[in-house]
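Participant: The structure follows.
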Amino acid sequence: MLCGLGHKITMAELQDFLDNDIRCFALQKRMYITRAAAFTNQLFSFVPSQQEIEQKVFVPGDRCVPFVDMDVLSFSLTFEFLGQKLPQKLFATDCNTARDMFFLYGDEFSAQYISSDPACKDLHIAENGFELPLKLNLTGISLEPIFEKVDFKYGDRILCRVYDWDKGIIEIIPVLTHKMNPLQIGVEDMERQKWYDTLEDALLESFDRMGPCSGIEEQLANVFYEHRKELCVPDCGSIHEFIEVSKKVGLELFGVETRLWFKGQDVPAIGKWNKDLYDSDERAIPYFALPDFVIDCYLKDQMYKKTNNINEVIEKIIPKDLPLSKKEKDVLRLQIAHRNDILRKEYNWFADFANGELRHRALNLFTEVGALVCELDCDNTELDQLPQQELVTLSQLYTHVSRILEILSDDSDCEEEETCAMELSLEGMEMNFEDIKPLLISALDKVKKNRFNVI
């Protein structure tokens with residue numbers, strides 16, 4: 001069959017693509033629904049902070065997660081009140097408050113989201129080790145048109161409806177509660193507590209069934225889609241409020257990232273959701289499907305160092321533990337040699353000078369990380385007996401350094417700030433790898449030793 005771009009793919013390939021695309025949800029009988037269809041007209045809410053009320057502004061931040069397009073930065077969303085677009089307005093705050101407004105993207109990524117805001121265009125956080133200044137501005141949405149129409153005060157809620165998912169348009173409705181007796185529990189309070197209980201139960205169930213997912217956003221998207229009839233209601237609470245009151249769900253470390261998980265528990269690499277895969281004979285070894293851009297990087301690295309040794313490239317690409325036959329290696333050698341000839345015709349050492357050293361450093365880390373991944377995988381190690389956080393970190397390092405190589409495989413020069421960011425990221429990854437490698441090797445040796453019984 002033909003896809004929308006005119007490429008021929010099989011039905012199995014299409015189904016595999018949709019099953020692994022977090023922008024849609026699977027229905028029955030090989031049918032799917034997109035995020036746009038799932039979340040258009042759905043309701044969610046949040047409560048502006050005291051600081052926002054004082055400045056007559058609210059910051060979208062991560063408050064629209066997971067109901068809007070995850071590829072659209074929140075400062076570019078449009079909010080409407082009574083059919084009129086609310087104007088943007090600067091919000092002056094401190095770095096800790098700013099981070100709190102973006103924590104659903106993961107604390108490890110919050111500084112990058114903040115620095116993407118046009119109000120922070122002069123921060124250049126990559127040059128400062130991704131540290132935010134003590135004081136900064138964020139792009140917010142003015143509350144003044146609402147103040148002119150209703151008596152909106154601190155403690156009041158803003159109910160949101162996704163009006164147009166594709167265009168990022170959200171309709172907002174003020175919900176006034178500040179006039180109510182704070183000592184008297186109303187029907188709305190009981191309904192909101194019920195909402196928190198429902199969300200908590202749904203998340204706990206999703207942890208067992210789906211694991212930690214690819215990120216907090218995907219976890220929430222799955223839960224809110226599956227339970228939208230109970231959660232996307234007029235008396236809904238907010239995810240921020242839920243995290244504060246929940247005794248069973250919290251933000252926990254997952255390697256070098258953050259996930260929603262059972263409060264106070266480590267997020268494991270292996271669980272009910274993926275144990276069958278790791279116990280089967282089909283465990284994926286990354287080097288069987290090494291991306292073309294990685295091979296290109298190895299070849300360009302040799303050209304940068306002014307050498308031409310295909311065998312050396314083969315040794316780096318194929319770890320010693322990877323069980324390939326001589327015939328398979330010969331076929332790979334021919335393919336790499338052919339690709340090498342093509343690249344050398346167009347290679348320009350002077351044009352590559354800016355990226356060459358950084359790529360070489362990234363390749364060194366990729367080779368070491370890949371070798372350890374392969375050693376653990378080829379040994380058929382009982383992965384659930386290895387230290388889980390270190391195992392997760394190893395997987396994340398493999399993914400992150402691959403992403404850097406993908407960027408550097410492009411012949412175009414990187415911006416100075418982007419290069420600086422990649423250098424800092426690599427430095428952190430190198431340190432992380434040096435920390436986890438001895439722990440994983442020691443655990444692997446222990447697993448091997450336990451396989452032998454003294455008779």
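Participant: Going through segment 42-53 one residue at a time, which ones are open to solvent by 20 Å² or more (accessible area, probe 1.4 Å) and under 16 Å from ALA98 (Cβ atoms)?
Facilitator: SER49, GLN50, GLN51
Participant: Let me ask something else about it. Quick one: would you say ASP71 is without any contact (Cβ under 8 Å) to a residue 40 or more places away in the chain and on the phi < 0 side of the Ramachandran plot?
Facilitator: Against the criterion (without any contact (Cβ under 8 Å) to a residue 40 or more places away in the chain and on the phi < 0 side of the Ramachandran plot), ASP71 qualifies.
Participant: Turning to a different aspect of this structure: Could you list, in sequence order, the residues of segment 145-156 that are in contact (Cβ under 8 Å) with a residue 60 or more places away in the chain and open to solvent by 20 Å² or more (accessible area, probe 1.4 Å)?
Facilitator: PRO145, PHE147, LYS149, LYS153, TYR154, GLY155
Participant: Taking the criterion of being modelled with pLDDT under 90, among the small types (Gly, Ala, Ser) and outside any helix (DSSP H, G or I), would at least one residue in segment 236-243 satisfy it?
Facilitator: no
Participant: Find the residue count for segment 366-425, including only residues that are open to solvent by 30 Å² or more (accessible area, probe 1.4 Å), within 21 Å of GLU257 (Cα to Cα) and not in a helix (DSSP H, G or I).
Facilitator: Residues in segment 366-425 being open to solvent by 30 Å² or more (accessible area, probe 1.4 Å), within 21 Å of GLU257 (Cα to Cα) and not in a helix (DSSP H, G or I): 1 in total.
Participant: Within the bounds of segment 1-8, is there any residue that is without any contact (Cβ under 8 Å) to a residue 40 or more places away in the chain and surrounded by 17 or more Cβ atoms within 10 Å (Cβ to Cβ)?
Facilitator: no
Participant: For segment 312-365, name all the residues that are not β-branched (Val, Ile, Thr) and not in a helix (DSSP H, G or I).
Facilitator: PRO319, LYS320, ASP321, LEU322, PRO323, LEU324, SER325, TYR347, ASN348
Residues are listed down the side, and each one gets a yes or a no for (1) polar (S, T, N, Q); (2) under 23 Å from GLU252 (Cα atoms); (3) modelled with pLDDT of 75 or more; (4) out of contact with any helix residue (DSSP H, G or I) (no Cβ under 6 Å at 6 or more places or on another chain):
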residue: CYS378; (1), (2), (3), (4): no, no, no, yes
residue: LEU383; (1), (2), (3), (4): no, yes, yes, no
residue: GLN388; (1), (2), (3), (4): yes, yes, yes, yes
residue: THR399; (1), (2), (3), (4): yes, yes, yes, yes
residue: GLU406; (1), (2), (3), (4): no, no, yes, no
residue: ILE441; (1), (2), (3), (4): no, no, yes, yes
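Participant: Go through segment 9-33 and give me each residue that's more than 22 Å from the chain's Cα centre (by Cα) and surrounded by 12 or more Cβ atoms within 10 Å (Cβ to Cβ).
Facilitator: Of everything in segment 9-33, those that are more than 22 Å from the chain's Cα centre (by Cα) and surrounded by 12 or more Cβ atoms within 10 Å (Cβ to Cβ) turn out to be ILE9, GLU13, LEU14, GLN15, TYR32.
Participant: Of the residues in segment 234-274, how many are buried (at least 18 other Cβ atoms within 10 Å of the Cβ), more than 22 Å from the chain's Cα centre (by Cα) and β-branched (Val, Ile, Thr)?
Facilitator: Number satisfying all stated conditions: 0.
Participant: Take segment 108-125 and flag every residue that is of a type outside the set (D, E, K, R), part of a helix (DSSP H, G or I) and open to solvent by 50 Å² or more (accessible area, probe 1.4 Å).
Facilitator: Within segment 108-125, PHE109, GLN112, TYR113, PRO118 meet the criteria.
Participant: Scanning for something modelled with pLDDT under 85 and among the small types (Gly, Ala, Ser), does segment 361-376 turn up at least one residue?
Facilitator: no
Participant: Kindly indicate the residue of segment 126-144 that is within 21 Å of ASP71 (Cβ to Cβ) and touching a Pro at 6+ places or on another chain (Cβ under 7 Å) and also surrounded by the fewest Cβ atoms within 10 Å (Cβ to Cβ) among those meeting that condition.
Facilitator: THR139
Participant: Sticking with this structure for a sec: Look through segment 66-107, keep the residues that are over 14 Å from the mean Cα position of the chain (by Cα) and among the small types (Gly, Ala, Ser), and return whichever of them is surrounded by the most Cβ atoms within 10 Å (Cβ to Cβ).
Facilitator: Here the residue is ALA98.
Participant: Looking at segment 162-176, which of its residues are under 26 Å from the mean Cα position of the chain (by Cα), under 15 Å from LYS85 (Cβ atoms) and surrounded by 12 or more Cβ atoms within 10 Å (Cβ to Cβ)?
Facilitator: TYR163, ASP164, GLY168, ILE169, ILE170 - these are the residues of segment 162-176 that are under 26 Å from the mean Cα position of the chain (by Cα), under 15 Å from LYS85 (Cβ atoms) and surrounded by 12 or more Cβ atoms within 10 Å (Cβ to Cβ).
Participant: Within segment 186-200, is there a residue that is touching a residue at least 24 places away in the same chain (Cβ under 8 Å), open to solvent by less than 30 Å² (accessible area, probe 1.4 Å) and small (Gly, Ala, Ser)?
Facilitator: no
Participant: Name the one entry in LYS345, LYS300 that is open to solvent by 60 Å² or more (accessible area, probe 1.4 Å) and of a type outside the set (A, V, I, L, M, F, W, C).
Facilitator: LYS345
The values are calculated or read from the model by the stated rules, or taken from the named source; none is laboratory data. This is a predicted model, so every value here is computed, not measured. Methodologically, a virtual Cβ is constructed for each residue, glycine included, from the backbone with ideal geometry; neighbour enumeration extends over all protein chains shown. The accessibility values were calculated without ligands, DNA or RNA, using every heavy atom of the protein model including side chains. Shrake-Rupley method; radii C 1.70, N 1.55, O 1.52, S 1.80 Å.
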